[in-house]
Structure formats: C-alpha cells, structure tokens
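Coordinate-derived values only; no laboratory data. Predicted, not measured: the structure shown is a model, and the values here were computed from it. Note that we place each Cβ from the backbone using ideal geometry, even for glycine, and neighbour counts take in every protein chain shown.
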Amino acid sequence: METDHPYKHQQRELRYRIEAGANVEVIKNGRTIRATTVNMSGCGVLPHFERPAQLAVGDQVMVEFKITDQADKPLPYWAVGNIVRVEGCRVAIEFKGGVFSRLDPGTGIAVPPDIESDAR
C-alpha cells in the first residue's frame, strides 16, 4: 500500500506501486505528454513526468497505459479522468471510466477507444 505522501486520508482504495509507461492526453487541447506511473488504484493513478506538465486541477485527460511483463506484448488500457491534485512533476488523476483496447484485426495493433461512443 502506498503511504509516502501527505494525502493518506483521501485514499478510497489500496494503491499499488506499478511502474508502467503512460501517455497522458489533455482532452481540451489534444496535447500528449509521456509519463511513468508511480502508483495506481482502481479509481486513479499518480503519474510522474520528467518536468512539470502544465496541467491544472479540473483538466480532463485520457491516459493510455502500456502494462506488460514482456516488452513486446503490451496490455493497452485507456482511462478518462480529471486532474485532482498537482505536485510538481506528479499529478493525481481520478478515473471516470476505462477500457481495454481492442486489436485491429488486420494489424494486431491496439486501437484507441472512441471515448464519445464508449461513454454511452
């Protein structure tokens, strides 16, 4: 369980130290920023960016995770959420929903979800 931050009282679920690559797309402007996860839970994630990411509390983001135990076989997972806390190079994201990516039958490559239709 993650316990090395001052926001312990706000945890709703256990957090797990999972280091995974993540792409964070800011929905309001389509900008994509690469990060590495610090920890994850069923309701959110704490990614770490190389430099402050210019994100603000309330920003809506889409996060693509490449979770794998084998470098050539990622398990793509996408989540939509909102920034709820900014701490320098780390931002806390609360999930609103998420899906595993489907694979394109022709190429076998993960296809990003259509957030508009997936939300319906």
Zone of Lys66's modelled label, taken as backbone nitrogen in the stretch 34-55 under 13 Å from a point 7 Å along Cα→Cβ: 34-37
Using distinct alpha-carbon pairs, which all enter the 1/r mean, Kirkwood radius of the stretch 14-102 in Å: 12.9 Å
